[in-house]
1. Residue under question is residue 87, and the condition is that it be closer than 14 Å to residue 115 by Cβ, under 14 Å from the mean Cα position of the chain (by Cα), crowded, with 18+ Cβ neighbours inside 10 Å and at pLDDT 95 or above; does it hold?
2. Can you pull out the residues in the stretch 7-44 that are assigned to a helix (DSSP H, G or I), under 14 Å from the mean Cα position of the chain (by Cα) and under 23 Å from residue 103 (Cα atoms)?
3. Being surrounded by 16 or more Cβ atoms within 10 Å (Cβ to Cβ) and under 16 Å from residue 15 (Cβ atoms) is true for just one of 92, 32. Which residue is that?
4. Would you confirm whether any residue within the stretch 49-58 is within 15 Å of residue 4 (Cα to Cα), outside any helix (DSSP H, G or I) and in contact with a helix residue (DSSP H, G or I) (Cβ under 9 Å, 6 or more places away or on another chain)?
5. Mind telling me which of the residues 112, 64 ends up being surrounded by 15 or more Cβ atoms within 10 Å (Cβ to Cβ), without any contact (Cβ under 8 Å) to a residue 60 or more places away in the chain and more than 22 Å from residue 3 (Cα to Cα)?
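The values are calculated or read from the model by the stated rules, or taken from the named source; none is laboratory data. These figures come from a predicted structure and were not determined experimentally. Cβ placement follows ideal geometry from the backbone for every residue including glycine, while neighbour counts extend to all protein chains displayed.
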């Protein structure tokens, strides 16, 4: 997780979804990034809308339903809801979440973590 946290943000390469996909690949050996096929903020919004919302998109890519926070393990992708920003994909770190944003990666408090997906 920390390996990618310091890398520069880039739509379609290292945004919140690709950050989570890279961490998931390190854990599972499976590359999920192909499902996040866009190269701009508008492209990301378009693909998310195609699946209804970010939860629908991630559930489709991972081919599994989301679970409650209590069922998450360290490294699992999670949906984080931040006022003004909206929904973002982060990585559960056992207590909070790490989210890749334009300025840098941020630790987000647990109360902002809505649910996640078990990948291990």
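1. Here the answer is no, as residue 87 does not meet what is asked.
2. 16, 17, 18, 19, 20, 21, 22, 23, 24, 33, 44
3. The match here is 32.
4. No, there is no match, as no residue in the stretch 49-58 is within 15 Å of residue 4 (Cα to Cα), outside any helix (DSSP H, G or I) and in contact with a helix residue (DSSP H, G or I) (Cβ under 9 Å, 6 or more places away or on another chain).
5. Testing whether each residue is surrounded by 15 or more Cβ atoms within 10 Å (Cβ to Cβ), without any contact (Cβ under 8 Å) to a residue 60 or more places away in the chain and more than 22 Å from residue 3 (Cα to Cα) leaves just 112.
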